[in-house]
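Reading through the structure tokens given below for one structure.
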Amino acid sequence: MQILIATSNPHKLDEIRAVIDDPAVELITLDALPQKIDEPVEDQDTFEANAMLKARYYAKASGMLCLADDSGLEVDALGGEPGIRSARYSGADSPRAERDAANSLALLSNLGDTPTEQRTARFVCAMALVDGRNSGGGGEPLAVVRGTLEGRILMIEEADDPAHPERGRGSNGFGYDPIVFVPDLNKTVAQLTADEKNAISHRGDAVRKMWVKVRGIFHAT
């Protein structure tokens with residue numbers, strides 16, 4: 001069974017593969033398709049709605065079973081921002097690494113000196129599965145799930161280099177990982193090993209929930 005993961009991000013693929021470790025399931029990304037598919041406009045107002053939009057779009061365009069997600073960070077003191085704008089929070093139009101740093105810096109700047117106990121936040125991953133193999137594919141999702149990872153945003157002085165707080169702590173992961181601290185583990189997400197992260201991450205949580213819902217479908221087709 002071949003499943004299209006609606007991303008070109010190898011980090012996402014690695015996280016999903018770590019959960020769906022089944023020889024009967026082959027996971028591929030958009031980069032593996034013979035044709036280039038333009039990105040859809042993600043104009044919905046929730047993670048779930050954007051995940052469904054992407055899953056329908058790529059399932060129909062590829063004619064494949066498609067798994068899509070929409071992920072981001074919610075910070076309580078900022079009213080849930082950056083939320084669905086997480087990937088473009090700073091407005092920077094630059095390569096991924098530079099954009100990630102700009103987004104983290106914008107978030108830390110907007111939080112300012114908000115005290116530690118008010119810097120609660122969570123990573124969110126909504127995931128949708130749509131079957132595009134039938135004529136006209138891209139219909140209603142077979143399943144939609146949400147995974148979360150609770151934590152808090154580092155104070156600037158907690159960063160390894162307070163002169164560059166956007167670098168946070170740790171060199172693993174991507175996006176906001178270096179500035180999201182997980183109190184139970186006394187580490188930022190970027191300080192976790194791959195196994196530690198997969199065990200608790202929002203994406204891992206969502207994939208496990210999805211896998212429970214659709215395992216029968218995978219093995220029945």
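Between Gly139, Gly147, Gly91, the GNM of the chain built on Cα springs shorter than 10 angstrom shows Gly91 fluctuating the most. Can you tell me the orientation of helix 10-19 relative to the chain, as the angle in degrees between its alpha-carbon axis and the longest Cα principal axis, to the nearest 10? The two axes meet at around 70 degrees. Mean-square fluctuation check for the chain, GNM, Cα pairs under 10 Å: which of Leu105, Leu129, Leu73 is largest? Taking springs between Cα atoms under 10 Å, the residue moving most is Leu105. Our compactness index for the range 2-220, the C-alpha radius of gyration over the empirical 2.2 N^0.38 Å, is 1.03. Averaging the sequence gap over all C-alpha pairs within less than 8 Å and six or more residues apart, then dividing by the number of residues, gives the range 48-131 a relative contact order of 43 percent.
Between 0 and 90 degrees, the angle of helix 202-220 with respect to the longest Cα principal axis of the chain falls at about 10 degrees.
Candidate cross-link partners of Lys197 among the lysines, defined by an alpha-carbon separation under 30 Å and a same-chain spacing of 8 or more, comprise Lys12, Lys54, Lys187, Lys209, Lys213.
Determine the relative contact order of the chain: mean sequence separation of Cα pairs under 8 Å and six or more apart, normalised by residue count, in whole percent. That works out to 20 percent. Taken over the range 114-221, the alpha-carbon convex hull comes to 131 cubic angstrom per residue.
Each reported figure results from applying straightforward, stated rules to the coordinates on display, with no laboratory input. The structure displayed is predicted, hence computed values, not measured ones.
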